[in-house]
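Peer 1: This structure is in structure tokens; I'll ask about it shortly.
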Amino acid sequence: MVCMVRYIENGLACGFKTQVIGVSSRPYPLVFLEFPRSVESSNLRKEDRYPVSLAGVLSEERSEESSDNKPLVCDILNISRGGCLVSSPEAFEPETTLFLTVNLPEQGEAENLETEVKSCSKAGQEYQLGLNFADLLDPAYKKVAAYLENLKLLQVMV
């Protein structure tokens, strides 16, 4: 029997056609497939993502606006022209506006980058937040763009 397998992994839609070579119902239902001859893939992302490990600070207000502002230390896991993935100790609802401050190697501090939460999922004791950069004309974003150009030149990719 011929079987079509499709899956999404790291922003790629992948698929292949193969033969079923066996089926087992014990101890659990299993289907054994022949190793595929080729796998087709298509990129689902608009922009390349770069793996990073950068410390950042998230807040719900710009850092200079309020003394009641309680910033959260976060880790930036990947970054692209459109946004970034951060690990945060707190969850946030989608469409929440957050401000991100990060010290970018060779670019300096990008302060109060306005972002919008696009996704939030639990990952161990932390939450992973998918953030979109909201103001691409912000001078702080220009530092992000310059940092991404450096990563592109170094050919760092996910």
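The values are calculated or read from the model by the stated rules, or taken from the named source; none is laboratory data. Predicted model, so just to flag it, every value in this text is computed and none were measured. Counting neighbours? That spans all protein chains shown, and the Cβs are built from the backbone with ideal geometry, glycine included.
Peer 1: Among the residues of region 2-24, are any in a loop (DSSP other than H, G, I, E, B), in contact with a Leu (Cβ under 8 Å, 6 or more places away or on another chain) and not assigned by TED's automatic domain parsing to the domain that holds Ala145?
Peer 2: Yes, that holds for at least one residue.
Peer 1: Name the one entry in Phe35, Phe99 that is among the aromatic types (Phe, Trp, Tyr), touching a residue at least 12 places away in the same chain (Cβ under 8 Å), in a strand (DSSP E or B) and over 23 Å from Gly124 (Cβ atoms).
Peer 2: Result: Phe99 is the single residue among Phe35, Phe99 that is among the aromatic types (Phe, Trp, Tyr), touching a residue at least 12 places away in the same chain (Cβ under 8 Å), in a strand (DSSP E or B) and over 23 Å from Gly124 (Cβ atoms).
Peer 1: Based on what the data block shows, is Phe92 aromatic (Phe, Trp, Tyr) and under 13 Å from Leu131 (Cβ atoms)?
Peer 2: yes
Peer 1: Would you check if Val73 is assigned by TED's automatic domain parsing to the domain that holds Glu126, exposed (fewer than 14 other Cβ atoms within 10 Å of the Cβ) and without any contact (Cβ under 8 Å) to a residue 40 or more places away in the chain?
Peer 2: Yes; evaluated as a whole, the condition is true for this residue.
Peer 1: Given the conditions (1) outside any helix (DSSP H, G or I); (2) in contact (Cβ under 8 Å) with a residue 40 or more places away in the chain, report the number of the one that Val144 does not fulfil.
Peer 2: (1)
Peer 1: Here is a further query. Is it the case that some residue within region 117-124 is in contact (Cβ under 8 Å) with a residue 40 or more places away in the chain and either under 24 Å from Arg45 (Cβ atoms) or in a loop (DSSP other than H, G, I, E, B) (or both)? Step through it out loud before you land on a result.
Peer 2: Looking only at region 117-124, we keep the residues that are in contact (Cβ under 8 Å) with a residue 40 or more places away in the chain, and these are none.
No - not one qualifying residue is present in region 117-124.
Peer 1: How many residues are of a type in the set (D, E, K, R) and loosely packed, with under 12 Cβ neighbours inside 10 Å when one looks only at region 1-22?
Peer 2: Of the residues in that region, 2 qualify.
Peer 1: Does Ser25 qualify as being among the small types (Gly, Ala, Ser), in contact (Cβ under 8 Å) with a residue 12 or more places away in the chain, loosely packed, with under 10 Cβ neighbours inside 10 Å and on the phi < 0 side of the Ramachandran plot? If you could, list the steps in order and put the result at the bottom.
Peer 2: Details: among the small types (Gly, Ala, Ser): yes; in contact (Cβ under 8 Å) with a residue 12 or more places away in the chain: no; loosely packed, with under 10 Cβ neighbours inside 10 Å: yes; on the phi < 0 side of the Ramachandran plot: yes.
No, not satisfied.
Peer 1: Can you go through Phe92, Phe133 and tell me which one is surrounded by 13 or more Cβ atoms within 10 Å (Cβ to Cβ), in contact with a Ser or Thr (Cβ under 7 Å, 6 or more places away or on another chain) and of a type in the set (A, V, I, L, M, F, W, C)?
Peer 2: Phe133
Peer 1: Restricting region 48-70 to residues that are surrounded by 13 or more Cβ atoms within 10 Å (Cβ to Cβ) and not in a strand (DSSP E or B), which is modelled with the highest pLDDT?
Peer 2: Glu60
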